[in-house]
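K.L.:
Please find one structure pasted underneath; my questions will follow.
The values are calculated or read from the model by the stated rules, or taken from the named source; none is laboratory data. Note that the structure is predicted; figures quoted are calculated from it, not measured. Neighbour counts run over all protein chains shown; Cβ positions are idealised from the backbone, glycine included. We work out accessible area using only protein heavy atoms, side chains counted, and drop any ligands, DNA or RNA first. Shrake-Rupley method; radii C 1.70, N 1.55, O 1.52, S 1.80 Å.
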Amino acid sequence: MNSDKESFRDMSIGVKIFIVVSVGVIVLGGLLFSLFVYYFGLAGIFRLLDVSYESSFVLLKYAVYTFLLCMVLDLLSKPILALFNSVQPSAVGQVLFRALVDTFFTWLALHTIDQLMESITISTGTEWICAFLLFIVDWALDDRKKAKNAQKAKEEK
C-alpha cells in the first residue's frame, strides 16, 4: 500500500485475502469470547439454582443454541422497545418496560431450547430467574458502556 487513500479495489489479491481473513478472525474471536462468557455465566447460574444436565458438552450445546436464539429474538425486541421509547415515557417506565420485554424474550429462548433438549432439565421458575438475571447483567453492562461514551463526549468538548 503506497498511500493511505488506496482503495480496497486497487489492492492486490493477496492483500485483499489477508484483510478479509483478518477481519473474519477478529469477528469470530469476538463471537467466541461472548459465547465463552455466556457459557460460564449460565454454568454459574445453573450451579446456584441446582439445574441438572448430563455433561459439560450438553451445557455448551444449550449455551450455543440459546445464544443464537437470543440474538434472533433480540432483533425482534428492538423495534418493540424503540416504539415504546418514542412515546417519551419516564426513565423508570423505560427501564421497567425494557426489563419486561428483555426478560420475556430471554425466557422464551431459554424455554424453547429447554423443551427441544431432553438432556437438560430446567423448571419454569428457574428459567424466569435466569432470564431476569441475564437482563440485569445486560442492563448493568449497557449502562456502564453509556457512561463511558458520555465521559468521552465530555472530554472531547
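K.L.:
Count the lysine pairs in the chain whose Cα atoms sit under 16 Å apart, keeping only pairs 8 or more residues apart in sequence or on different chains.
P.N.:
Taking the Cα cut-off of 16 Å, the pair count is 4.
K.L.:
For region 1-83, what D do you get in µm² per second when you plug the Kirkwood radius from alpha-carbon pairs into Stokes-Einstein at 37 °C and 0.692 mPa s?
P.N.:
201 µm²/s
K.L.:
Another one. If you count, for each residue, the other Cβ atoms within 10 Å and average over each peptide, how do 29-41, 81-93, 109-121 line up from highest to lowest?
P.N.:
Listed from highest to lowest mean packing, they are 109-121, 29-41, 81-93.
K.L.:
Taking one equal scatterer on every alpha-carbon of the chain, how large is log10 of I(q)/I(0) by Debye at q = 0.11, 0.14 1/Å?
P.N.:
One equal scatterer on each Cα of the chain leads to -0.63, -0.86.
K.L.:
Separation of region 74-90 and region 32-63 by C-alpha centroid, Å?
P.N.:
For region 74-90 versus region 32-63, the Cα centre distance is 30 Å.
K.L.:
Which Cα, out of Phe97, Ile13, Gln115, lies furthest along the positive dipole direction of the chain (beta carbon charges, K/R +1, D/E -1)?
P.N.:
My answer, from the dipole projection, is Ile13.
K.L.:
Work out the length of the dipole vector of the chain about its Cα centre, built from +1 on the beta-carbon of each Lys and Arg and -1 on the beta-carbon of each Asp and Glu, and round it to the nearest 20 debye.
P.N.:
Value, rounded to 20: 600 debye.
K.L.:
Carbon and sulfur together cover what percent of the accessible area of the chain at a 1.4 Å probe radius?
P.N.:
67 percent
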